[in-house]
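The values are calculated or read from the model by the stated rules, or taken from the named source; none is laboratory data. What you are looking at is a predicted structure, and each value in this text was computed from that prediction instead of being measured. Cβ: placed from backbone, ideal geometry, glycine included. Neighbour counts: every protein chain shown. When the accessible area is computed, the model is the full protein with side chains, heavy atoms only, and any ligands, DNA or RNA have been set aside. Shrake-Rupley method; radii C 1.70, N 1.55, O 1.52, S 1.80 Å.
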Amino acid sequence: MQTQKTHQNKYKEIMTKADIVAKISEKLGLEKGDVQATVESFMEEVKTSLESGENVYLRGFGSFIIKTRAEKTGRNISKNTTIKIPAHNIPAFKPAKVFVDGVKSNTEVKNN
């Protein structure tokens with residue numbers, strides 16, 4: 001796990017794909033290359049499913065869903081003009097209740 005400097009000048013722990021691959025490889029005794037291929041294949045399947053309009057539900061973990069953002073009016077402040085932002089879909093992740101409860105009970109609250 002690495003420490004990354006955020007925009008607020010605070011240090012925050014992050015986990016990269018390489019860290020996940022290393023942990024799974026160590027835990028299961030598999031080659032890192034095989035685990036990396038599996039993780040990348042999983043991510044590609046989730047991405048492909050969302051791109052084709054299908055939500056992905058993982059019981060006990062969460063759901064990768066498609067959210068629709070409504071059309072809205074925005075501003076281009078450099079030109080001082082209004083612009084119309086069309087309705088569009090975005091990918092989102094909604095954690096399962098058991099996941100949220102685990103994070104709530106096992107992590108400390110960090111003050112800004």
**Asked** Looking at Q2, is it at pLDDT 95 or above and surrounded by 10 or more Cβ atoms within 10 Å (Cβ to Cβ)?
**Response** no
**Request:** Considering every residue within region 65-85, establish whether at least one is modelled with pLDDT of 95 or more, surrounded by 10 or more Cβ atoms within 10 Å (Cβ to Cβ) and under 26 Å from E13 (Cβ atoms).
**Result:** no
**Message:** Just to be sure I understand, how many residues within region 99-112 are assigned to a helix (DSSP H, G or I) and loosely packed, with under 11 Cβ neighbours inside 10 Å?
**Reply:** 4
**Item:** Yes/no for I90 being within 29 Å of D19 (Cβ to Cβ), out of contact with any Gly (no Cβ under 7 Å at 6 or more places or on another chain) and exposed (fewer than 12 other Cβ atoms within 10 Å of the Cβ)
**Value:** yes
**Message:** Residue under question is E54, and the condition is that it be part of a loop (DSSP other than H, G, I, E, B), open to solvent by 80 Å² or more (accessible area, probe 1.4 Å) and among the acidic types (D, E); does it hold?
**Reply:** yes
**Complete:** Taking region 32-51 and keeping only residues that are open to solvent by 70 Å² or more (accessible area, probe 1.4 Å) and touching a helix residue (DSSP H, G or I) at 6+ places or on another chain (Cβ under 7 Å), one is left with K32, Q36
**Request:** Could you check, for region 83-98, whether at least one of its residues is part of a helix (DSSP H, G or I) and of a type outside the set (K, R)?
**Result:** yes
**Request:** Identify all residues within region 5-29 that are at pLDDT 95 or above and open to solvent by 90 Å² or more (accessible area, probe 1.4 Å); write none if there are none.
**Result:** K23, E26, K27, L28
